[in-house]
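Asker: Below is a structure I'd like to ask you about.
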């Protein structure tokens, strides 16, 4: 057996395994867009006073973290989920 033949066989096996993995992998469900749009609009309503802006940033951060968790990003903290 030649080296090229062995490489072709190994490549074919890897390609088949890749296709099987791709075909059987569980697809992620999308986010509930309506829920996040409502939450985002509620957050924006509180932006009429500059004094409320720091709290709005924290709320937006929490909302984004919730979206990452629902998409099953791994990590204990939001920073770890972003990496």
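Asker: Of the conditions (1) surrounded by 10 or more Cβ atoms within 10 Å (Cβ to Cβ); (2) more than 21 Å from residue 70 (Cβ to Cβ); (3) modelled with pLDDT of 85 or more, residue 38 satisfies every one except a single condition; which number is it?
Answerer: Only one criterion is unmet by residue 38, namely (2).
Asker: Please identify the pairs in which a residue from the range 16-32 that is under 30 Å from residue 65 (Cβ atoms) has its Cβ atom under 8 Å from the Cβ atom of a residue that is modelled with pLDDT of 70 or more and loosely packed, with under 10 Cβ neighbours inside 10 Å, counting only partners at least 6 apart or on another chain.
Answerer: Going by the 8 Å Cβ cut-off, the qualifying pairs are 28/72.
Asker: Within the range 1-19, can you find the residues that are surrounded by 10 or more Cβ atoms within 10 Å (Cβ to Cβ) and outside any helix (DSSP H, G or I)?
Answerer: Answer for the range 1-19, where residues must be surrounded by 10 or more Cβ atoms within 10 Å (Cβ to Cβ) and outside any helix (DSSP H, G or I): there is none.
Asker: Using the structure shown, decide if residue 14 is under 30 Å from residue 61 (Cα atoms) and at pLDDT 80 or above.
Answerer: Here the answer is no, as residue 14 does not meet what is asked.
Asker: Scan the range 52-59 and give yes if some residue there is at pLDDT 90 or above and either at positive phi or under 15 Å from the mean Cα position of the chain (by Cα) (or both), otherwise no.
Answerer: Looking through the range 52-59, none of the residues is at pLDDT 90 or above and either at positive phi or under 15 Å from the mean Cα position of the chain (by Cα) (or both).
The values are calculated or read from the model by the stated rules, or taken from the named source; none is laboratory data. Owing to the predicted nature of the structure, the values given are computational and were not obtained by experimental measurement. Note: ideal-geometry Cβ built from the backbone for every residue, glycine included; neighbour counts use all protein chains shown.
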